[in-house]
Protein chains: 4
Amino acid sequence: MTDFDEAAGELAATGRRFDARGWVLGTSGNFSTVVAHSPLRIAITRSGVHKGALAPADVIELDGTGAILRGGGGPSAETALHLELIASRAAGAVMHTHSIWATFLSDRGAEAGGIAIEGYEMLKGLAGVRTHEHREWIPVLENDQDMLRLSGVVRRVLLDHPACHAFLLRRHGLYTWGATLQDAVRHVEILEFLLESVGRARYGAARPEEAEPWRS
Amino acid sequence: MTDFDEAAGELAATGRRFDARGWVLGTSGNFSTVVAHSPLRIAITRSGVHKGALAPADVIELDGTGAILRGGGGPSAETALHLELIASRAAGAVMHTHSIWATFLSDRGAEAGGIAIEGYEMLKGLAGVRTHEHREWIPVLENDQDMLRLSGVVRRVLLDHPACHAFLLRRHGLYTWGATLQDAVRHVEILEFLLESVGRARYGAARPEEAEPWRS
Amino acid sequence: MTDFDEAAGELAATGRRFDARGWVLGTSGNFSTVVAHSPLRIAITRSGVHKGALAPADVIELDGTGAILRGGGGPSAETALHLELIASRAAGAVMHTHSIWATFLSDRGAEAGGIAIEGYEMLKGLAGVRTHEHREWIPVLENDQDMLRLSGVVRRVLLDHPACHAFLLRRHGLYTWGATLQDAVRHVEILEFLLESVGRARYGAARPEEAEPWRS
Amino acid sequence: MTDFDEAAGELAATGRRFDARGWVLGTSGNFSTVVAHSPLRIAITRSGVHKGALAPADVIELDGTGAILRGGGGPSAETALHLELIASRAAGAVMHTHSIWATFLSDRGAEAGGIAIEGYEMLKGLAGVRTHEHREWIPVLENDQDMLRLSGVVRRVLLDHPACHAFLLRRHGLYTWGATLQDAVRHVEILEFLLESVGRARYGAARPEEAEPWRS
């Protein structure tokens, strides 16, 4: 089995896992992983396929300019963002998911330009974080169908927030990455957990004066 | 394997998938797909069966008038709506699901006659939609046990909203369709995602003045 | 395979299904089904076992007085309620589940003595219901560790509400039944759907003055 | 198969089960079980592995001082808490999970120093509890990266609350234990159920004046 075949198999397993959690409904989401570094070759999911049912033919191989080396059909429309993240963060894998809670928080955080999360033990699942007292800032960017323009905005945001592990596109979803595919997958799980936790804690009902007595 | 057998197998796989998500509890929901166009033959789920456990015998074949060509037991009680959608939208498949969030939104949108959804990237999963700036109007119709009368209402609503991809029956569920079974299944997933997103965003608690500090 | 073996297998399959939905966490819940009518013999889940991992040895056979005919370990502590329902409703199967939403609604409905549900298409999944305009009253009874006393209360409630398909024990869970095991399982799914729907609709946030505009 | 191998297999099965429920996302959570009592030997999950994909090599064996007897990689960073619980509660197994609802409640209960839960039938799933009228106090401790200091706090809390079955670390997760692995697993399920029930009941919207009429 070549490195590409192995990468394709791992992306398919990731797709089934995320589909089970409802994070890639419809044909949403896209994943990539680096197959070779020099020269750069990446495996990326094909556009328009269901991530819960990825077949080897649904993964294609690109070089560092986005040119197709192997596989048919178009690469993900968001390939430019993947290449940008691989270049600027030295990422070995990039994950883009579309969950309910990431979508919800992306909207609530749009005005402030991002979401701050701190005090959660789960933050320690993000690469390099050693304490729950860490404060993670997740930038929220306005969604844009112009990928060239959006790539430029992403580049600036990554420069402005050199410590961030992820960003949200407004009403669109989550982008995160990692040194390896395993790290990137862990980041998705950690961030989805944190976004749902923050969503329920900040936007649920107010703290009651006292607990309601259970006997009527 | 005949076209009908293949269609029946695909409807059963769809049933297992939607059942896992809780969208066809009890014996709710019904699905159809076109087997041949001229003359029209469709495969449709039998009435009163659990969609998570569809056997080949639970799918029956009808002609364009609703007459049974193959299989026993009655066709779905809502066959008239399926035939209406196949005719008026040139649909290759029709899906009817009963999720919690579709039911919730159908009630909230009843007074206004529908639900407007815009600004979500997921909208691009609907056939022909190219940008998240699209505004989708999902009509809400009052539920009715008189299928003939309801078919007439559906026909009028489809004429009034030629661009819509779906409608809701109040406190009942979602109808959507697509050029192929795969398209119709994708529409269900996209719309269920959007309905839950809109449900949580519009009917959750208000935006707080400021995020609650986590240290007490 | 004897009728008892078949019944035990079906109860185990039901357990796995309900466990996947989170309706029988811990060792909660209990199920019974009639194996023979005259004289009465029932198969019922053993006390203290996890319903998601029922083995044949976890199902025991009782006669109509609750005496053990086959199998070791004690029968469910709530056997008296099962026998009461089989006798007074001519039920072929009785299901008791402990879901989050049934627990939630049982508390909210305790003061009024029950929960009224009407206007939902899903109501038609209850035996004998022909229209969504049906009004189902689900009595809520105070929980009680004295099974003899609780059986008496159940008997009175069933007499007072001859058309009801289920009742809730407060902060405890749902009891429903059906002519066959399949009917009883369907009733669980229908009622769990309705309880979550009503829970979200009645106890979520108020209807907003207007939909929040999505552009900031 | 040795006792250790059997224990490792059971911890892996527990990991798959809890992962399916979303209670051990990322590499969160850790589990231990006693392999031999005298001298004490325990099996515990290795640090930094995904609990949904535990292989035998991801479980290591420790003696009562925390020294490694078998297996590579570090033991869980929270080993000291496991050993503390095994010693002070005579526990045969200790479970630590990170669910959304435990995290949510740990924050809401931090100021009061804990969460009181009473009136729920599910409480009877906790060892020694015989009635739903039982009042369970779940202490909430401030999270701390200094395991030695945290162990000391845990020891004091366990002395102050000799009847408690669990505690929460703030914005971190749930610790519970049991005489056997099966008991500890049941306690996780029972407590997760109760925490979600209490979370929805106390921090959802207020009881409405009257049910909203469904006809517009």
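The values are calculated or read from the model by the stated rules, or taken from the named source; none is laboratory data. Computed from a predicted model, the values in this text were never measured in an experiment. Every residue, glycine as well, gets a Cβ built from its backbone with ideal geometry; the counts of neighbours run over all protein chains shown. These accessible areas exclude ligands, DNA and RNA; they are computed on the full protein's heavy atoms, side chains included. Shrake-Rupley method; radii C 1.70, N 1.55, O 1.52, S 1.80 Å.
If you build a Gaussian network model of chain C, linking Cα atoms that sit under 10 Å apart, which residue out of C:ASP19, C:ASP160, C:ASP183 swings the most? Comparing C:ASP19, C:ASP160, C:ASP183 in a Gaussian network model of chain C, the most mobile one is C:ASP160. Take each residue of peptide A:191-204, count the partner chain Cβ atoms within 10 Å of its Cβ, and average: the result is 6. Taking θ as phi - 60° and the Karplus parameters 6.51, -1.76 and 1.60, the scalar couplings of segment B:172-189 work out to 10, x, 9, 10, 9, 8, x, 5, 10, 4, 4, 5, 5, 5, 4, 4, 4, 5 Hz in sequence order, x denoting glycine and proline. When A and B come together, around 2600 square angstrom of accessible surface is lost from both chains combined, probe 1.4 Å. Shown here: the protein assembly as shown, whose C-alpha atoms stretch 79, 79, 55 Å along the first, second and third principal axes, sorted largest to smallest. Taking amide H as placed 1.01 Å from N in the peptide plane, D:LEU69 has its amide H under 5 Å from the amide H of D:GLU61, D:LEU62, D:ASP63, each at least 5 places away in sequence or on another chain. For chain B, modelled as a GNM whose springs connect Cα atoms under 10 angstrom apart, the maximal fluctuation among B:ALA112, B:ALA55, B:ALA80 occurs at B:ALA112. Counting only other chain Cβ atoms within 10 Å of each residue's Cβ, the peptide B:98-106 averages 4. Put the Cα centre of segment C:1-74 next to the Cα centre of segment A:51-112 and the gap is 49 Å.
Taking amide hydrogens as placed 1.01 Å from N in the peptide plane, the amide H of D:ARG41 sits under 5 Å from those of D:VAL35, D:ALA36, each at least 5 positions away in sequence or on another chain. For C:SER47, the amide hydrogen comes within under 5 Å of the amide hydrogens of C:GLY74, C:SER76, counting only partners 5 or more places away or on other chains and with H modelled in the peptide plane. Scaling against 2.2 N^0.38 Å puts the C-alpha radius of gyration of segment D:31-152 at 1.20. Simple point charges give the picture: +1 on the Cβ of Lys and Arg, -1 on the Cβ of Asp and Glu, and for chain C a dipole about the Cα centre of about 80 debye. State log₁₀ I(q)/I(0) for segment A:47-110 at q = 0.13, 0.15, 0.21, 0.25 Å⁻¹ as given by the Debye formula over alpha-carbon point scatterers of equal weight, solvent excluded. Debye curve over Cα of segment A:47-110, log10 I(q)/I(0) at q = 0.13, 0.15, 0.21, 0.25 Å⁻¹: -0.47, -0.61, -1.01, -1.17.
For chain B, give the share of DSSP beta bridges that are antiparallel, in percent and rounded to the nearest 5; count only bridges with both residues there. Antiparallel: roughly 95 percent of the beta bridges in chain B.
Computed over chain D, the P(r) curve from all C-alpha pair distances, binned at 5 Å from the origin, holds 1, 7, 15, 19, 20, 15, 10, 5, 3, 2, 1, 1, 0, 0, 0 percent per bin. Farthest toward the positive end of the dipole of the protein assembly as shown, out of C:ILE60, D:ALA36, C:SER47, is the Cα of C:SER47, where the dipole comes from beta carbon charges about the Cα centre. For D:MET147, inter-copy separations between label points set 7 Å beyond Cα along the Cβ vector come to 4.6, 4.6, 6.5 nm, shortest first. Computed over protein heavy atoms with a 1.4 Å probe, the accessible surface of chain A works out to 38 Å² per residue.
When the charge dipole of segment A:95-216 is built from unit charges on Cβ atoms (+1 for Lys and Arg, -1 for Asp and Glu) and taken about the Cα centre, the candidate among A:HIS165, A:ILE100, A:GLY125 whose Cα reaches farthest toward its positive end is A:HIS165. Applying a DSSP loop filter and a limit of 11 other Cβ atoms within 10 Å to the trypsin sites (Lys or Arg not before Pro) in segment B:55-133 leaves B:ARG130.
Remark: the protein assembly as shown carries a charge dipole of roughly 220 debye about the Cα centre, counting +1 on each Lys and Arg Cβ and -1 on each Asp and Glu Cβ. Looking at the protein assembly as shown, what % of its DSSP beta bridges pair antiparallel, to the nearest 5? Taking every DSSP beta bridge within the protein assembly as shown, about 95 percent pair in antiparallel fashion. Distances from B:GLN182 to itself in the other copies, using label points 7 Å out along the Cα-Cβ axis, amount to 3.4, 3.4, 4.8 nm in increasing order.
Which of A:THR103, A:THR176, A:THR131 ends up with the largest GNM mean-square fluctuation for chain A, with Cα atoms connected below 10 Å? Its mean-square fluctuation being the largest, the pick is A:THR131. Listed values for segment C:100-106 are Karplus-derived 3J(HN,Hα) couplings in whole Hz (6.51 cos²θ - 1.76 cosθ + 1.60, θ = phi - 60°), namely 4, 6, 5, 5, 4, 5, 4, and x replaces Gly and Pro. Do you know the relative contact order of segment A:45-136, to the nearest whole percent, from alpha carbon pairs under 8 angstrom that are 6+ apart? Here the relative contact order equals 15 percent.
Peptide A:128-141 has a mean of 1 when you count, residue by residue, the C-beta atoms of other protein chains within 10 Å of its C-beta. For segment B:90-147, the percent of C-alpha pairs falling in each 10 Å distance bin, counted from 0 to the bin holding the largest distance, reads 19, 42, 35, 4. Computed from phi, the 3J(HN,Hα) profile of segment B:82-96 under the Karplus parametrisation 6.51, -1.76, 1.60 (θ = phi - 60°) reads 4, 5, 4, 5, 4, 6, 7, 10, 6, 7, x, 7, 10, 10, 10 Hz, with x in place of Gly and Pro.
With a cut-off of 12 Å between beta carbons, the residues surrounding D:PHE167 carry a summed charge of 0, where Lys and Arg count +1 and Asp and Glu -1.
Across segment C:2-71, the fraction of Cα-Cα pairs farther apart than 17 Å, rounded to a whole number, is 36%.
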